[in-house]
Amino acid sequence: MERASPLSSDGIGLRIADGVAHVTLDRPGKKNALTQALWALLTERVEAAARRARVIVISGAGRDFCAGADIAEFDSVRSGEAEPEGIAESPTAFAAIRESNVPTIAAISGICFGGGFGIAAACDIRLASPDAQFSVPAARLGLAYPVEAMRDIVLSCGPQMARLLTFSGERIDAAQALDIGFLAEVVHLERLEQRATELALTIAQNAPLSVAASRASIRSALSGNHEDRVEAERRAQVALLSEDYAEGRAAFRDRRKPVFRGS
């Protein structure tokens, strides 16, 4: 698999090893809050990772995942005047994660607020340490979540909890987030990165076309959208006609580990 050096000095790190891309939100002194420029860079990093890896893991540097948008910019980019260029950067980043052609995993510790919650909600799978705290404080700031980002929240934690979180701005902890299905697992902080990497490697070693077909089918089941169903059926046919399908059957017959190439 391809390997790449870390790129972390600019606020969003990217490292690729063994088919897994590690995207790191890297402003620990600001609880990894993202400026508009960093939201745009996150989009670029996720899109680059999706082209070069089979799975993406998103995490935060230091103790926290992400405090959301950098409030220090609000007076200039959210002033209530005509919408400034760049205000849509966070929804664009959410879309890059949601619509990535490879699975995405969020590894969450500490604070996961606002836009950070949106990043996590857009991911396919979410793991967290017991100290993780979750909140969507838009109502306390007079903000409104974009429709697609709100859809991620509803799909990831259910309509009732989506209402509670967005109407009240209250925090929930990792145990509550696990109970409502927002999290797949709660893992000790010392093992969080290791567990996320282990899971990503397991996925990366499976047949990429099969994984892509499953993701498309799940998306279709959740959306009920005709176009999503057509895409899911197309991806299923591609997987069934692939060389990887033949390799999987041959490996099973020969009692060996398959080597999938995504073709």
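Computed from the coordinates by the stated procedures, all read-outs in this text should not be read as laboratory data. Computed from a predicted structure; not experimentally measured. When we count neighbours, we look across all protein chains shown, and the Cβ atoms used for this are built from the backbone with ideal geometry, even at glycine.
Under the convention that each Lys and Arg Cβ holds +1 and each Asp and Glu Cβ holds -1, the size of the dipole of the chain around its Cα centre is about 900 debye.
First check a/c for the chain, with a ≥ b ≥ c the square roots of the eigenvalues of its C-alpha gyration tensor; if it is under 1.5, answer rounded, and if not, answer prolate when a/b is larger than b/c or oblate otherwise. Prolate, because a/c is 1.5 or more and a/b exceeds b/c. Sorted fewest first by neighbouring Cβ atoms within 10 angstrom, Asp228, Asp179, Asp152, Asp26 come out as Asp179, Asp228, Asp26, Asp152.
The distance between label points at Ile218 and Leu189 comes to 2.8 nm (points 7 Å beyond Cα on the Cα→Cβ vector). Please give the helix 147-157 orientation as an angle from the longest Cα principal axis of the chain, in degrees from 0 to 90, rounded to the nearest 10. Tilt relative to the chain: about 70 degrees. Along the charge dipole of the chain, Cβ charges K/R +1 and D/E -1, which of Ala162, Leu178, Val46 sits furthest on the positive end? Positive-end residue among those listed: Leu178. Report, in degrees rounded to the nearest 10, the 0 to 90 angle that the Cα long axis of helix 226-240 makes with the longest principal axis of the chain. Once rounded, the angle reads 30 degrees.
For Ala69, the residues whose modelled amide H falls within less than 5 Å of its own, excluding neighbours fewer than 5 places apart on the same chain, are Leu34, Gly115, Gly116. The distance between label points at Leu240 and Ala17 comes to 4.0 nm (points 7 Å beyond Cα on the Cα→Cβ vector). Applying a DSSP loop filter and a limit of 14 other Cβ atoms within 10 Å to the GluC sites (Glu not before Pro) in the range 151-214 leaves Glu170. Amide H to amide H, with H built 1.01 Å from N, Val55 comes under 5 Å of Ala21, counting only residues 5 or more places away or on other chains. When you restrict to C-alpha pairs under 8 Å that are six or more residues apart and normalise by the size of the range 12-204, the relative contact order lands at 21 percent.
A simple spin-label model places the labels of Ala72 and Arg171 2.2 nm from each other, with each point 7 Å out along Cα-to-Cβ. Going by alpha carbons, how many degrees (0 to 90, nearest 10) lie between the helix axis of 243-254 and the longest principal axis of the chain? Compared with the principal axis, the helix lies near 60 degrees. Taking amide H positions as modeled 1.01 Å from N, with prolines and chain starts lacking one, the residues under 5 Å from Leu183 and 5 or more places away or on another chain are Leu178.
Using a Gaussian network model of the chain in which every pair of alpha carbons under 10 angstrom is joined by a spring, one finds that among Leu165, Leu209, Leu143 the greatest mean-square fluctuation is at Leu143.
Annotation: extensible slack from Arg229 through Glu198 equals 8.1 nm (criterion: 0.36 nm per residue apart, minus Cα-Cα distance).
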